[in-house]
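**Student:** Next up is a structure, given as structure tokens.
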Amino acid sequence: MLIITTEQIDGRETTPLGLVRGSTIQTVNAFKDIGAGLKTLIGGELKNYTKMMEDARDIATEQMIREAESLGADAVIGVRYATSSIMQSAAEVTVYGTAVKYR
């Protein structure tokens, strides 16, 4: 399935099927959180948090794709990601777009 951020697909006419989305809330375990807190003293990438956010984006995207497939979509256009902090060490990732069918 084609997933793109643009509002149209070059060379293709499409019919919109509707909004599709995916969302997840992820956290790291307490021991990794303590390690990240210590890392902030010296600086650098918080690799456990980077991995957590990558996993969250993947989960949310897969949910969106499944929803698009259930509508019979060929692609999802206008895809956008949003994140928000839910609590300390926990973040929500939401992805949404418009499911379309090729004409």
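**Student:** Evaluate the distance, in nm, between pseudo-label points positioned 7 Å from the Cα of residue 50 and of residue 102 along their respective Cα→Cβ axes.
**Tutor:** Here the answer is 3.7 nm between the modelled labels.
**Student:** Same structure, new question: Calculate one ³J(HN,Hα) per residue across region 57-73 by plugging θ = phi - 60° into the Karplus curve 6.51 cos²θ - 1.76 cosθ + 1.60, and present them in order as whole Hz with x for glycine and proline.
**Tutor:** So the J values, rounded to whole Hz, are 4, 4, 4, 4, 5, 4, 4, 5, 4, 4, 5, 5, 4, 5, 8, x, 6.
**Student:** Here's another thing I want to ask about it. Here are labelled values, [x] 0.99; [y] 2.53; [z] 1.34, and one is the computed Cα Rg over 2.2 N^0.38 Å for what I pasted. Which one?
**Tutor:** Answer label, from the structure shown: [z].
**Student:** Compare the peptides 81-94, 48-61 by average per-residue count of other Cβ atoms within 10 angstrom and give them in order, highest first.
**Tutor:** 48-61, 81-94
**Student:** If I stretch the segment between residue 27 and residue 70 completely, what's the gain in nm (0.36 nm per residue apart, minus their alpha carbon distance), one decimal?
**Tutor:** 12.6 nm
**Student:** A follow-up question, please. Placing unit charges on C-beta atoms (Lys and Arg positive, Asp and Glu negative, everything else neutral), compute the dipole magnitude of the chain about its Cα centre in debye, rounded to 20.
**Tutor:** 140
Coordinate-derived values only; no laboratory data. Owing to the predicted nature of the structure, the values given are computational and were not obtained by experimental measurement. Counting neighbours? That spans all protein chains shown, and the Cβs are built from the backbone with ideal geometry, glycine included.
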